[in-house]
Every structure is written in C-alpha cells, then in structure tokens.
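> Here it is: the structure, laid out below.
The values are calculated or read from the model by the stated rules, or taken from the named source; none is laboratory data. What you are looking at is a predicted structure, and each value in this text was computed from that prediction instead of being measured. Here the Cβ positions follow ideal geometry from the backbone for every residue, glycine too, while neighbour counts run over all protein chains shown. Just the protein is used for accessible areas: all its heavy atoms, side chains included, with ligands, DNA and RNA removed. Shrake-Rupley method; radii C 1.70, N 1.55, O 1.52, S 1.80 Å.
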Amino acid sequence: MTLAAHADHVRILVADGVGHVTLDRPEALNALNHRMLLRLTEILTAWRDDTEVSIVLLDGAGERGFCAGGDIREMYAGIIADRRDDVRAFFWHEYRLDAMIAEYPKPVVAVLDGIAMGGGIGIGGHASIRVVTERSRLAMPETRIGLTPDVGGALLLGRAPGRLGEYLALTGESMTDAAAIDAGFADYLVPRTSLPALAQALRERADPGTPSEIVMLFDETPEPSPLQAKRHWIDDAFAADDVPGVLTRLRELADGTRPARTRAGAPEFPKVPLDGAARAEAAETADALAERSPTALAVTLHAVRSARALNALRPVLEQDFRLVSWFLEQPDLAEGIRAQVVDKDRSPKWSPASLDGLEPDVVDAAMRHPLPAPLWDE
C-alpha cells in the first residue's frame, strides 16, 4: 500500500491494484487550479506503466461535490491582471489532461457525486466508467459567465439524444442523476451509501471481475429523467437554425401558436399545442436565455453542432482551445465572472446587450481564432 497525504489539493492511495485519486479542495467544491492539473497529470503519467495500478478510481473530497469546474477566481485574476497567457496555459494543461483520461490504457472509474460542472465534466465525463449518485448535479453552465462549454463537453452535448445538447449548452441547466444518464454524461447510478463498498469491491476484484461488471453490482435504476418529459418541445425549439430562431420557437410554443409533437422525434405522432405546464417551461426557458450572454449563446449553438459533426474528442478540444482563447479577449467573460462569482450582483452588463447587436461574423471570428499552441505532441 502506498499512501500520499495532501499534496497540491490531490490525495492518492494505491492499494490492491487500485490507484485512488481524490480531489481534495472541498472548501472550493474541489475546483481545479493550475497546480492540481499538473499534479493529476503527473500521477496519471506515473501510473500508466505502474504494475501496481490496474484501475484508477477518481472522486472528490467533502460533502458537496466532485468538482465545481476550473477555478473561476484564478481565471478572473489572470484576465484582470492581463496575464492571459497564464490563463491559456491553464486550459492547455486541462485539455491535455481531459484527453489523457479519455485515452487512458487502464479503466478509469469516475464518481461524480454531488456537484460536477465545467472542468469537473472534463476530468469525469470522459472516463471509461462514469458513476453518479442520487444527489449528483451535472451541468455545463458556461453561458452564464459569458463563455462556451469546453473541456470536450461540447462533444458529450453533441452526442446527447435529439436536441438536448443544444438545450443543456445554451441554458446551462443542471442535470439530475437520471438526466445525466439520459443525456450521456454518466453510465451508472450508485447510491451514495454504497460508494465505500464499491471502492472495496474494486480493490477485491469481486466476481464478476471487470470494473464495469463490478460497478453494475451496485447500479440502481434511476427515476424517469425529467428531461424526457420535455423532449417534445425541446427538440422542436432547439432545432432552429440560430439563437433568434430558438427564442422565436420558444415564445410561440409558450403562447400556444406553435404546436409540438406529442412524442419527440416521432413523425407519426400528431402536433398539438403544449399543455399549460409545458408552455410555462418553454416561457421560462426563453426568459433564461434572455439573461445569458448573447455572444456566448451564438457561439455555443454553433460549437455544439460543430462538435457533433467532428465526433471525436481531440478535434473538439482543439476547437475548445480556439474558442476559449477568443473569449479571453472579449468583454463578456470578465463581466460574467464579476457578476456571478466576484461581486455576485447577478446583473452582468453584456456587450452587446442583445442578439440584435451581434456582428454578423462573430461566430466565424470565434471559430477561426488561431490555435494559441499545439495541444498534442507530434
């Protein structure tokens, strides 16, 4: 057994063939700072060829969450101090770590208990085995701070059923355990009380013996996903060509002038006006989008659809690196972090303030932004 105590907010334990990595920054919901990224990369690089490690178990310390994402305050400080190269370096290391986890030669079991957002999806959502609990809440909420979903999250969003990806990306809505599984962000639901037994079973290689089969011993069927009940109007509204079109459809669905199919993606089902509850949900969604950064919404819609076409993690991470580097130069990112995280007045002043004010080439400018540095070794 090899035990390493607190080191750069990452704890490791190697026992009985399992390399257990715990994010240990609970006071910040295990948000990832640059030192944590470097430490995680160092650990996984060392374990790649370590015969004492055959399975990696990844989780977070504390009672509140797995990982709330990247350290937004650290990013904000870098932007305000005009140290954007340091911020880009953070993302460079983060995206390489995300790819390393996705391509790791040994099974990686990620336990996304509690809150898992943004960068937490990057290190957990691309693991080979992704576990949620009954209290998990997953999200890609970047449009709230004037950014776009990154860390390869656009690939998961692009692969989600129907138009759930566009919906989740633009709204940043939090997913329950069932919704995360339904959207393709997780594989298994394990009750939180069973997590210690799961870790022990992985160490003991309980029969059946593969990591997936072991996790299945503890898997429970989740309640119906709340997303499924909304699929018929989500798939309709978020199939629009652009964000103004999405908003128009949402408003029409809300006021009853636009019918939606009674079952998503099923042409044989009739189109009928939404019931009162669904109309209210459509209206609330339109109102929520009206509060997001117009620039972030426009770029995000295109980014998710581009990721769907790319359908591979590495090119999507390269797209992320281009987009995030572009957003670092835009006023909305610093303003969004200020309003949501620093001053917490929840009243960002976006520039431009409305979709009508966007330059026609804003999406192309973001998508064609130069790659700051190669992400991959030749």
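> Given (1) under 30 Å from residue 331 (Cβ atoms); (2) over 23 Å from the mean Cα position of the chain (by Cα), where does residue 54 come up short, assuming only one miss?
In the conditions (1) under 30 Å from residue 331 (Cβ atoms); (2) over 23 Å from the mean Cα position of the chain (by Cα), residue 54 misses (1) alone.
> Kindly indicate the residue of the stretch 216-232 that is of a type in the set (A, V, I, L, M, F, W, C) and farther than 16 Å from residue 185 by Cβ and also modelled with the lowest pLDDT among those meeting that condition.
229
> Just for helices (runs of 4 or more DSSP H) wholly inside the stretch 160-275: which have at least 1 residues that are out of contact with any helix residue (DSSP H, G or I) (no Cβ under 9 Å at 6 or more places or on another chain) and closer than 24 Å to residue 17 by Cα? Give the derivation first.
Values: elements: 164-171, 177-183, 195-204, 211-216, 231-237, 243-255.
Correct list: 195-204, 211-216.
> Can you pull out every residue in the stretch 63-100 that is touching a Leu at 6+ places or on another chain (Cβ under 8 Å), open to solvent by 40 Å² or more (accessible area, probe 1.4 Å) and part of a loop (DSSP other than H, G, I, E, B)?
64, the sole residue that qualifies.
> Could you tell me whether residue 296 is out of contact with any strand residue (DSSP E or B) (no Cβ under 6 Å at 6 or more places or on another chain), open to solvent by 70 Å² or more (accessible area, probe 1.4 Å), assigned to a helix (DSSP H, G or I) and closer than 25 Å to residue 369 by Cα?
It is false that residue 296 is out of contact with any strand residue (DSSP E or B) (no Cβ under 6 Å at 6 or more places or on another chain), open to solvent by 70 Å² or more (accessible area, probe 1.4 Å), assigned to a helix (DSSP H, G or I) and closer than 25 Å to residue 369 by Cα.
> Test residue 104 against the stated conditions and say whether it is farther than 15 Å from residue 186 by Cα, in contact (Cβ under 8 Å) with a residue 60 or more places away in the chain and surrounded by 24 or more Cβ atoms within 10 Å (Cβ to Cβ).
Working: farther than 15 Å from residue 186 by Cα: yes; in contact (Cβ under 8 Å) with a residue 60 or more places away in the chain: yes; surrounded by 24 or more Cβ atoms within 10 Å (Cβ to Cβ): no.
Spelling it out, it is not the case that residue 104 is farther than 15 Å from residue 186 by Cα, in contact (Cβ under 8 Å) with a residue 60 or more places away in the chain and surrounded by 24 or more Cβ atoms within 10 Å (Cβ to Cβ).
> Quick check: anything in the stretch 342-352 of a type in the set (A, V, I, L, M), over 15 Å from residue 149 (Cβ atoms) and open to solvent by less than 40 Å² (accessible area, probe 1.4 Å)?
Within the stretch 342-352 (the criterion being of a type in the set (A, V, I, L, M), over 15 Å from residue 149 (Cβ atoms) and open to solvent by less than 40 Å² (accessible area, probe 1.4 Å)), the answer is no, since none of the residues qualifies.
> Kindly check whether there is at least one residue in the stretch 148-170 that is polar (S, T, N, Q) and more than 30 Å from residue 335 (Cα to Cα).
no
> Could you say whether any residue in the stretch 349-371 is farther than 21 Å from residue 301 by Cα and polar (S, T, N, Q)?
Looking through the stretch 349-371, none of the residues is farther than 21 Å from residue 301 by Cα and polar (S, T, N, Q).
> On the given criteria, is residue 140 without any contact (Cβ under 8 Å) to a residue 60 or more places away in the chain, in contact with a Leu (Cβ under 9 Å, 6 or more places away or on another chain) and under 19 Å from residue 227 (Cβ atoms)? Lay out the reasoning, then the answer.
Working: without any contact (Cβ under 8 Å) to a residue 60 or more places away in the chain: yes; in contact with a Leu (Cβ under 9 Å, 6 or more places away or on another chain): yes; under 19 Å from residue 227 (Cβ atoms): yes.
Criteria met by residue 140.
> Okay, next question. Take the conditions crowded, with 20+ Cβ neighbours inside 10 Å and either within 17 Å of the chain's Cα centre (by Cα) or modelled with pLDDT under 95 (or both) and apply them to residue 235. Does it pass?
No.
> Let me ask something additional. Tell me, which residue of the stretch 42-57 that is open to solvent by 40 Å² or more (accessible area, probe 1.4 Å) and assigned to a helix (DSSP H, G or I) is nearest to residue 119 (Cα to Cα)?
42
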